[in-house]
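Let me begin by presenting the structure, written as structure tokens, before commenting on it.
The values are calculated or read from the model by the stated rules, or taken from the named source; none is laboratory data. Model, not experiment: these values are computed from the prediction. Heavy atoms of the whole protein, side chains included, go into the accessibility calculation; ligands, DNA and RNA do not. Shrake-Rupley method; radii C 1.70, N 1.55, O 1.52, S 1.80 Å.
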Amino acid sequence: MSQEIINADVKGAKSNTIKCLNISEKKVGLFVTCLVNTMRPSVGFASLKLLEEAGCTVEVPEQQSCCGQPAFNSGDDEGTRQIAYQTIKQFENFDYVVVPSGSCAAMIKKNFIEVFKDQPEWLARAQHLADITHELLSFLVDVCEFESSGIELEGSYTYHDSCSGYRALHVYEQPRKMLANVKGLEHNPLNGHSECCGFGGTFCVKYSDISNEIVAEKAENILATEADYLLGGDMGCLMNMAGKLNREGHKEIKALHTAEVLAGLAPQILGDENASK
């Protein structure tokens, strides 16, 4: 786990009215995710900043690891359980667990329960963890009733709703509601906003030809919006779509995690290609 994220001390957070009056009394565990930790730590910083602005007391367990999706998607239930044991032990004592990824949050909320269906003790613990786990943007809106303020970003954005976030966790209105408060940012709707981008974790490796056809269609729809920014809540989807756009020579649209925009980190990231590393 990145020591930068573990030891991050976010300063200068703006004061906001906390409508959920007891949120400051709750402990929040931030599940960073593998892709954020290894490929885009700025999403971790942004998540931490937003949660602290919302009044949360946040901890980032140092011994957290993968959510287990690669093993689960490959049919390795025992391997998934070994990973799930660690995740449950690290996070079950928090009041809330927050994840800046719909797919990782859905893995914890849905699939941990499936692999422990024949182990009653661990099934109960997995169910408890599922009950307290939330995708970041839905947690900020639905639990904290948080509204970011003072954020500016000139231009237009289009939004991709990831499969897991949209279908499994019903994340749709929350990011759009928060982005509506970003001064200077306009929304250009995406045709097929909730259709798969072709990533699908191990799917893009096992079925690369099919994956490429899916992301090619997604890229066409993104370009048709003529938006300046491609936003979303899952790094896997964003990396897949941004990779396709870049390979096709379309670097005019910038891909950002929604948390990076809402935390006011977008200008820093866009101004320096190494800022998010």
Legend entry - Count, lysine Cα pairs under 27 Å in region 151-275, 8 or more residues apart or across chains: 10
Legend entry - Pairs of Lys in region 3-142 closer than 30 Å at Cα, counting only those 8 or more apart or on different chains: 29
Legend entry - Principal axis dimensions, largest first and in whole angstrom, of the chain by Cα: 52, 48, 31
Legend entry - Heavy-atom accessible surface of region 151-275: percent carbon and sulfur, 1.4 Å: 48
